[in-house]
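Below is one structure, written out as structure tokens; comments come after it.
The values are calculated or read from the model by the stated rules, or taken from the named source; none is laboratory data. Not measured: the values here are computed from a predicted model. Ideal geometry is used to build each Cβ from the backbone, glycine not excepted, and the neighbour counts take in all protein chains shown.
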Amino acid sequence: MTTQYTPTLKLALPVTGELSGTWGDTVNDNITSMIEQAIAGLATINTWTANAHVLTTANGTTSESRCAMLVAADGAGGTALTAAGNIVCPDAAKLYVLRNNSTYAITLKTSAGSGVAVPAGQIAFLFCDGTNVNACVTTIVNGNVSGNLSVNGNLTVDGNTTLGNATSDTVTVTGRFATDLLPSTDNARDLGSAANAWRDLHIDGTATIATLNVTTIDTTNIEVTNIKAKDGTAAIVLADSTGVATINAAPILTALTASQAVFTNASKALVSNAITGTGNVVMSTSPTLVTPALGTPSSGTVTNLTGTASININGTVGATTANTGAFTTLTASTNINSTRINPRTSTVADTATLTPDISTHDQFNITAQAQALTVAAPNGTPVDGNKLILRILDNGTSQTISWNATYTVIGTTLPTATVANKMTYVGCIYNSTNTRWDVVAVTTQA
């Protein structure tokens with residue numbers, strides 16, 4: 001029987017009675033030297049075919065696949081590496097150390113199996129299990145790693161971790177945090193600094209900030225719906241696109257100088273329940289003040305006032321008229337002469353339920369009723385003698401009308417339906433004795 005060879009390292013296996021007088025050469029050349037190559041041998045791979053290289057194998061003599069260490073290089077000429085390449089090893093169990101000195105990523109793999117890609121400039125400790133090439137995972141205990149270290153796969157570190165030993169070192173994070181990012185001590189760690197500030201801050205949810213120091217607020221992009229006081233009550237409510245802001249608390253305005261423009265947009269209205277304090281409020285333009293709490297003066301004459309005045313006498317709405325110059329004191333006995341009192345009217349085209357509000361209007365008009373109509377009891381707080389007029393016109397088709405029990409007829413009859421294309425008037429007077437609206441007149445267009 002002739003010499004056989006091991007399946008993985010291809011070492012000679014002489015048989016009994018063979019190699020008489022030549023054992024020394026066989027042991028040295030085909031066994032000892034091959035074991036040394038398997039343990040400490042290095043093969044440089046710099047010839048490529050279509051960016052691939054198949055490791056050579058040989059029985060009892062030098063071969064690339066037996067070497068412990070492989071070095072990949074670009075090569076030159078027609079066999080040079082031009083893109084990411086593959087090194088194909090035998091389908092046999094073995095350890096490899098691959099150093100990639102080429103320009104491209106190199107994958108060590110079996111001919112039919114999967115492999116491991118080693119980036120350019122990196123070193124990988126790999127093993128073939130007879131089918132596929134895998135990356136070796138090692139555990140380092142109380143040790144140091146010098147140079148570059150790449151980990152393919154998951155990395156778990158137990159104990160304290162220090163990243164970098166100088167401010168010139170940088171940390172690049174491509175992945176995403178899957179846990180909360182918490183400091184080790186409360187109120188003792190900064191996020192950024194004056195010299196190295198973060199750029200944009202994106203937060204979905206609640207931002208709880210003990211002290212907020214803002215250098216500049218870009219009012220074109222800031223959107224706030226509610227600013228709360230320290231006790232949790234809503235102190236300032238900034239409304240929608242109408243621009244109306246409501247101040248619910250009573251803020252103190254102090255020491256505002258002429259250079260401090262408080263309101264800068266004349267089209268925006270300020271609604272305030274109460275503003276108290278001392279100092280000047282400076283308005284760069286002329287905003288509209290809606291129902292400000294100005295208080296009631298006990299005496300005196302308002303002069304040089306131009307505009308429209310609404311005059312109340314004993315709770316009764318008086319004349320709305322343009323006045324220029326001095327206002328004189330009005331009493332309950334004062335007559336208003338040569339002044340037209342305009343009725344307050346409200347008009348809708350069509351409605352299922354008409355609920356007159358006598359606090360805001362005296363006459364209610366329907367111009368094109370297209371469905372059955374219910375006339376509900378009026379809203380508001382009427383006084384004895386208040387007048388209410390209803391004018392109802394359908395859309396060309398007669399519509400039924402039902403009335404609330406508060407409407408009490410006197411000498412007439414409430415209509416139960418409209419007359420097509422004809423206007424109907426209903427006149428009512430409030431009777432405080434019976435707390436009813438007396439219907440005193442009903443007429444329909446001829």
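Of the residues examined, THR26 is not one that is polar (S, T, N, Q), at pLDDT 90 or above and over 21 Å from LEU126 (Cβ atoms). Among the residues of the stretch 53-90, just one is under 54 Å from the mean Cα position of the chain (by Cα) and of a type in the set (D, E, K, R), namely ASP74.
Yes/no matrix, rows are residues, columns are (1) modelled with pLDDT of 85 or more; (2) under 29 Å from THR82 (Cβ atoms); (3) over 36 Å from the mean Cα position of the chain (by Cα):
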{"position": "GLY121", "(1), (2), (3)": "yes, yes, yes"}
{"position": "PHE125", "(1), (2), (3)": "yes, yes, yes"}
{"position": "ASN134", "(1), (2), (3)": "yes, yes, yes"}
{"position": "ASN142", "(1), (2), (3)": "no, no, yes"}
{"position": "SER146", "(1), (2), (3)": "no, no, yes"}
{"position": "ASP158", "(1), (2), (3)": "no, no, no"}
{"position": "LEU163", "(1), (2), (3)": "yes, no, no"}
{"position": "THR170", "(1), (2), (3)": "yes, no, no"}
{"position": "VAL173", "(1), (2), (3)": "yes, no, no"}
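Can you confirm whether the stretch 97-111 contains a residue that is aromatic (Phe, Trp, Tyr) and at pLDDT 95 or above? The answer is yes, given that some residue of the stretch 97-111 is aromatic (Phe, Trp, Tyr) and at pLDDT 95 or above. Pairs are defined by a Cβ separation below 9 Å, a sequence spacing of at least 6 or placement on different chains, a first member in the stretch 77-97 that is acidic (Asp, Glu), and a second member that is exposed (fewer than 15 other Cβ atoms within 10 Å of the Cβ) and assigned to a loop (DSSP other than H, G, I, E, B); the pairs so defined are ASP91/SER111; ASP91/ALA112; ASP91/GLY130; ASP91/THR131. Given the conditions (1) exposed (fewer than 14 other Cβ atoms within 10 Å of the Cβ); (2) out of contact with any Asp or Glu (no Cβ under 8 Å at 6 or more places or on another chain); (3) among the aliphatic types (A, V, I, L, M), and given that ALA93 satisfies all but one, which numbered condition is not satisfied? With (1) exposed (fewer than 14 other Cβ atoms within 10 Å of the Cβ); (2) out of contact with any Asp or Glu (no Cβ under 8 Å at 6 or more places or on another chain); (3) among the aliphatic types (A, V, I, L, M) applied to ALA93, the lone miss is (2). Taking the stretch 344-382 as the range and being within 15 Å of THR406 (Cα to Cα), surrounded by fewer than 16 Cβ atoms within 10 Å (Cβ to Cβ) and not polar (S, T, N, Q) as the test, the residues that pass are ASP357, ALA376, ALA377, GLY380. Sort out which residues of the stretch 77-118 are in a loop (DSSP other than H, G, I, E, B), touching a Ser or Thr at 6+ places or on another chain (Cβ under 9 Å) and not hydroxyl-bearing (Ser, Thr, Tyr), and write them in order of number. The answer is ALA80, LEU81, ALA84, PRO90, ASP91, ALA92, ASN101, ALA112, GLY113.
Note on the stretch 34-54: residues that are in a loop (DSSP other than H, G, I, E, B) and at pLDDT 95 or above amount to 5. Does any residue of the stretch 61-74 turn out to be modelled with pLDDT of 95 or more, of a type in the set (Gly, Ala, Ser), closer than 21 Å to VAL116 by Cα and exposed (fewer than 15 other Cβ atoms within 10 Å of the Cβ)? No, there is no match, as no residue in the stretch 61-74 is modelled with pLDDT of 95 or more, of a type in the set (Gly, Ala, Ser), closer than 21 Å to VAL116 by Cα and exposed (fewer than 15 other Cβ atoms within 10 Å of the Cβ). For the stretch 420-446, residues that are β-branched (Val, Ile, Thr), surrounded by fewer than 14 Cβ atoms within 10 Å (Cβ to Cβ) and over 57 Å from the mean Cα position of the chain (by Cα) total 3. If you go through the stretch 71-105 and keep only what is touching a Lys or Arg at 6+ places or on another chain (Cβ under 7 Å) and within 21 Å of SER33 (Cα to Cα), you end up with just VAL71. Pairs meeting the criteria (first residue in the stretch 191-211 and surrounded by 10 or more Cβ atoms within 10 Å (Cβ to Cβ), second residue aromatic (Phe, Trp, Tyr), beta carbons under 9 Å, at least 6 apart or on different chains) are GLY192/TRP198.
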